[in-house]
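Encoded as structure tokens, the structure appears first; notes follow it.
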Amino acid sequence: MKAADLTTAVPSKLIIASRESRLAMWQAEHVRDRLAALYPNTTVSILGMTTRGDQILDRALSKVGGKGLFVKELEVAMDEGRADLAVHSLKDVPMELPEGFALAAVLEREDPRDAFVSNDYASLDALPDGAVVGTSSLRRQALIAARYPQLVIKPLRGNLDTRLGKLDRGDYAAIILAAAGLKRLGLPQRIRALLSPEMSLPAAGQGAMAIEIASRPRADGVDLAALLAPLNHRATGLAVAAERKVSKVFGGSCQIPLAAHATIAGATMHLRAMVATPDGKRSASAELSGPADQPEQLGLRVSELLQQQDADAILAACREAAAPDAW
Ligand SMILES: NCc1[nH]cc(CCC(=O)O)c1CC(=O)O
């Protein structure tokens with residue numbers, strides 16, 4: 001990919017704000033390297049930060065502020081001029097950004113699927129009755145409970161290394177993680193089985209990275225959005241726009257077990273979405289195809305199909321029973 005036809009000034013340095021988990025750092029380094037290749041005269045560095053979402057491990061995130069907890073500190077750093085951009089897992093980015101911030105680019109998606117990780121078992125089907133499966137995602141919990149009512153789901157928080165450590169310590173027979181994170185960290189061998197989208201429909205934005213910037217004009221006249229535009233992967237950006245539209249319609253909050261996954265073939269996008277109660281006993285699913293360049297319209301149509309199946313009542317029941325994190 002080549003740099004944009006720049007009429008804008010290229011700054012001599014750029015600072016990327018990132019969480020300090022190994023996955024977040026890998027992602028920030030990836031963006032740093034891509035920017036350094038595009039703009040060889042720019043020094044790109046990373047400001048590692050701990051967020052409240054990383055600190056609070058004992059409580060369900062939905063109870064203490066939700067996804068925003070992973071991005072807030074990074075936004076403050078940008079606001080105060082300590083960083084120019086922030087790199088996030090798109091899945092952790094709230095549907096509505098605070099006033100003054102915007103997503104400047106969505107990078108090409110890694111594998112969007114969920115992964116089954118275990119030291120003793122090859123798949124969910126191989127687990128004995130009563131086996132303990134770790135996940136703090138309401139979506140994963142609902143999907144597993146629906147198909148494997150004989151399994152016991154227990155919460156599992158922390159970054160990827162923490163979660164793998166808890167599995168290895170024997171706290172769980174198996175855990176479910178995003179395949180993307182394991183692949184990025186060079187741990188694909190930990191994946192015993194990939195869960196098909198039919199079995200475990202991914203969360204909106206799963207596997208995609210996003211770059212966030214402050215949207216106000218900069219004092220130095222640098223057009224950061226234009227500088228970052230070459231990193232945007234068009235097909236991924238369109239797919240996640242459709243997925244995030246569904247999340248937005250249903251409130252995009254942590255209490256909602258919601259899946260939305262879009263794929264693109266040529267000019268056509270196919271979007272599948274699902275909402276369920278946390279116990280997986282009630283669910284609504286819908287899918288539709290439409291023009292790939294009108295993702296929000298497709299997201300809206302799929303949301304309407306879900307609502308016709310009484311998704312609103314499902315979600316109301318979920319809110320009452322709200323427990324762990326939705327994604
Ligand atoms: N806060 C959880 C989170 N956010 C992004 C990823 C994985 C990478 C991705 O989906 O892009 C994970 C871990 C997981 O779901 O196992």
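Nearest 10 degrees, 0 to 90: what angle lies between the long axis of helix 311-320 and the longest principal axis of the chain (Cα atoms)?
Once rounded, one gets 90 degrees.
Sorting check: for 75-87, 203-215, 38-50, which peptide has the highest mean count of neighbouring beta carbons within 10 Å, and how do the rest follow?
Numbers: 75-87: 18.5, 203-215: 24.2, 38-50: 14.7.
Result, highest mean first: 203-215, 75-87, 38-50.
Run the dipole for the chain about the Cα centre, Lys and Arg Cβ at +1, Asp and Glu Cβ at -1, nothing else charged, and hand back the magnitude in debye, nearest 20. Don't jump to the answer; show the numbers that get you there.
Values: 38 positive and 38 negative charges, 85 e Å.
Approximately 400 debye in magnitude.
What is the local net charge at ALA115, summed over the other residues whose Cβ is closer than 11 Å to its Cβ (Lys, Arg +1; Asp, Glu -1)? All intermediate terms of the calculation are to be shown ahead of the outcome.
On the way: positive: ARG113, ARG140, LYS183, ARG190, ARG192; negative: ASP111, ASP114.
Surrounding charge for ALA115 is +3.
Over the chain, what is the percentage of antiparallel beta bridges among all DSSP beta bridges, to the nearest 5? Before the final figure, lay out each step's value.
On the way: 34 of 49 bridges.
Once the DSSP bridges in the chain are tallied, antiparallel ones form about 70 percent.
List the GluC sites (Glu not before Pro) in region 86-142 that DSSP assigns to loop (not H, G, I, E or B) and whose Cβ has at most 16 other Cβ atoms within 10 Å. Which are they?
Filter output for region 86-142: GLU96, GLU99, GLU108.
In units of 2.2 N^0.38 Å, what is the alpha-carbon radius of gyration of the chain? Don't skip to the answer; put the middle values down first.
Numbers: Rg = 19.7 Å, N = 327, 2.2 N^0.38 = 19.9 Å.
This ratio for the chain stands at 0.99.
Looking at region 127-173, which trypsin sites (Lys or Arg not before Pro) are DSSP coil and have at most 15 other C-beta atoms within 10 Å of their C-beta? Could the numbers behind the result be given before it?
Details: sites: ARG139, ARG140, ARG147, ARG157, ARG163, LYS166, ARG169; in loops: ARG157, ARG169.
Taking region 127-173 and a limit of 15 other Cβ atoms within 10 Å, the loop trypsin sites (Lys or Arg not before Pro) found are ARG169.
For the chain, what is the mean residue ellipticity at 222 nm derived from helices alone (per DSSP H run of n ≥ 4: -39500 (n - 2.57); sum divided by total residues; nearest 500 deg cm²/dmol)? Write out the running numbers ahead of the final one.
On the way: 11 runs with 103 residues, N = 327.
Taken over the chain, the calculation gives -9000 deg cm²/dmol.
Between ASP33 and LEU300, what is the label-point separation in nm under the 7 Å Cα-to-beta-carbon projection?
Between LEU300 and ASP33, the label points sit 4.1 nm apart.
Helix 234-249 against the longest principal axis of the chain: what's the angle in degrees, Cα atoms only, rounded to the nearest 10?
It is inclined by approximately 60 degrees.
Taking a spot 7 Å from the Cα of GLN308 along the direction of its beta carbon, which residues of region 273-292 have an amide N less than 12 Å from it?
286-288
Where the centre of each part is set by its Cα atoms, how far does region 97-152 sit from region 220-286, in angstrom?
Value for the Cα centre distance between the two parts: 17 Å.
At 7 Å along Cα-to-Cβ for each site, give me the label-to-label distance between VAL152 and THR8 in nm.
In this crude spin-label approximation the distance works out to 5.4 nm.
Using the structure shown, list the pairs from LYS91/LYS154; LYS154/LYS281; LYS166/LYS248; LYS166/LYS245 with a Cα-Cα distance above 26 Å, or answer none. Could you put the intermediate results ahead of the total?
Numbers: LYS91/LYS154 21 Å; LYS154/LYS281 18 Å; LYS166/LYS248 33 Å; LYS166/LYS245 34 Å.
From LYS91/LYS154; LYS154/LYS281; LYS166/LYS248; LYS166/LYS245, over 26 Å: LYS166/LYS248; LYS166/LYS245.
Here, each number is a calculation from the coordinates, and none is a lab measurement. Computed from a prediction, not measured in an experiment: that's the story for all the values here. A quick note on method: Cβ atoms are made from the backbone with ideal geometry, for glycine too, and the neighbour counts reach across all protein chains shown.
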